[in-house]
1. Given the peptides 294-303, 273-282, 319-328, arrange them by the average over their residues of other C-beta atoms within 10 Å, most packed first.
2. For the range 372-444, what does the accessible surface come to per residue with a 1.4 Å probe? Please give it in Å².
3. Tell me, what is the per residue accessible area of the range 265-370 in Å², probe radius 1.4 Å?
4. Quickly work out the GLU422-to-ASN405 label distance, labels modelled 7 Å from Cα along the C-beta direction, and quote it in nm with one decimal.
5. About its Cα centre, how strong a charge dipole does the range 154-204 have in debye, to the nearest 20, once Lys and Arg get +1 and Asp and Glu get -1 at the Cβ?
6. Quick check: at a probe of 1.4 Å, how many percent of the accessible area of the range 206-297 sits on carbon and sulfur atoms?
7. ALA203 versus THR240, label points 7 Å from Cα toward the beta carbon: distance in nm?
8. Consider a paramagnetic label point 7 Å from the Cα of THR319 along Cα→Cβ; state which residues of the range 239-270 have an amide N under 13 Å from it.
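The values are calculated or read from the model by the stated rules, or taken from the named source; none is laboratory data. Quantities reported herein were computed from a predicted structural model and do not represent experimental measurements. As a convention, Cβ positions derive from the backbone with ideal geometry for all residues, glycine included, and neighbour counts pool all protein chains shown. Remember, those area values only see protein heavy atoms, side chains included, never the ligands or the DNA or RNA. Shrake-Rupley method; radii C 1.70, N 1.55, O 1.52, S 1.80 Å.
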Amino acid sequence: MKNLKRLTALLMVAAMVMTSFAACGKKDDSDQTSSSNAAGETKTEATATPAEQKETEAAPTEEAVTVEDVSLKVWGPQEEQDLLKQMCETFNTNHPEWNITFDYGVVAEGDAKNELLKDTEAGADVFMFASGGVTELVAADAIYPLTKNEADIRAIHNEVAVNSGVVDGTLYAVPFTPNAWFMYYNKSMYTEDEVKSLDTMMAKDLGANVKNFSCDLTNSWYIEAFFLGAGCKLFGDNGTDATQCDFNNEMGVKVGNYLVDLAANPKYSEEADGKFKEELKNGTLAAGCSGTWDAKDIKEYLGDNYAACKLPTINIEGTDYQLSNFADFKSIGVNTATKYPLAAMALAEYLGGEECQKLRFEVRQVAPTVLSLMEDPEVQGDPATLALSTQTTFSTIQPTITKMNDYWSPAEAFGNGIINGEINKDNMQEKLDLMVSGILSTLE
């Protein structure tokens, strides 16, 4: 009996082994293909290995590649045009999924918002603009929220720079450089210590044909530095109260009187259409105010005497006040009317990204907002970039509320009045009241 059970077990095992071999043989047959050679003999070929199969599946076929024809209009300032075209063509090469035709327009960042609001349908798909206008663009539904790669954009840029393009938690713009100004000077005419104080600078005798200092008081993006530096507030402590502007208070009157004296000083040169650069070039000006966009030219003009620094202090009744200008950022936005939002968003991200920011710095000394570039020793060693970075710590963030639109014209009119002599110390309070009324009067 025991031997019978053992025999039965052996027979069962043998049967299982035979079944297994039969199954393996069937699978091997199914995984082989037959083909005939030149002699008509049939040969068996094994199929591709799993790795070979994966490689074959991953390789795109002509039928799988879809190229979309895309047309993008891009706006940038005149000084950016050559670089802009280079960057866009590189972007096109790097994106074979799109066949992009570019149409370039010359529009300064400061003008882009107004130009776009005139007719969004005729405006650029991708445009460079001053971030101070983002709120108005959002209110007019003229700027596209950057939902593509938003986290990546936020991660690589300086937080303050990124937040300049955020409205109600949504990102609408890619920053590419701080948009502020500082002071350039000829270091054969001023020492590093002298340029700390505007009063010290203006008191120095540099010769009959040399102006000591230049600024653009008729430009409302420059004149505010004197009021804000002395402690005056535009739209309250945080720049968000549309009912408040105290440029006409007691300190505002003192600032206005300081500006009257400055403009009347024969050593002062009022800037107009880049005149200060020509004066620096021919040696008839010692110091002038501008931003990094002029760094390349000024460095060429001044040569070994090229220098840059933060804005100076002004002294009012024995107290020094650090000039505090508006700080915002030059940014890149996408038009809501674009027919190609994915391509447009990708281009905006690229134009404001690390590769393009590095190229701008190398070619035009434009200060970056990408964190890795801000820490680059080459960037840190550039006088203009360092001056901008230093001044930004003393600057006032430009208000982004829509009420800001009512600031520019009254402030410009006040500056013109200072320069042409219509405003003087006798009517200062009246003229400041008029300016503040103009800023606040359109409240609904």
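1. 319-328, 294-303, 273-282
2. Dividing the accessible area of the range 372-444 by its residue count gives 52 Å².
3. Numbers: 3740 Å² over 106 residues.
Roughly 35 Å² per residue, with all protein chains present.
4. Reported label-point gap for ASN405 and GLU422 is 2.4 nm.
5. Taking the Cα centre of the range 154-204 as origin, the dipole is about 140 debye.
6. Summing carbon and sulfur atoms, their accessible area is 44 percent of the total for the range 206-297.
7. 4.3
8. 250-255
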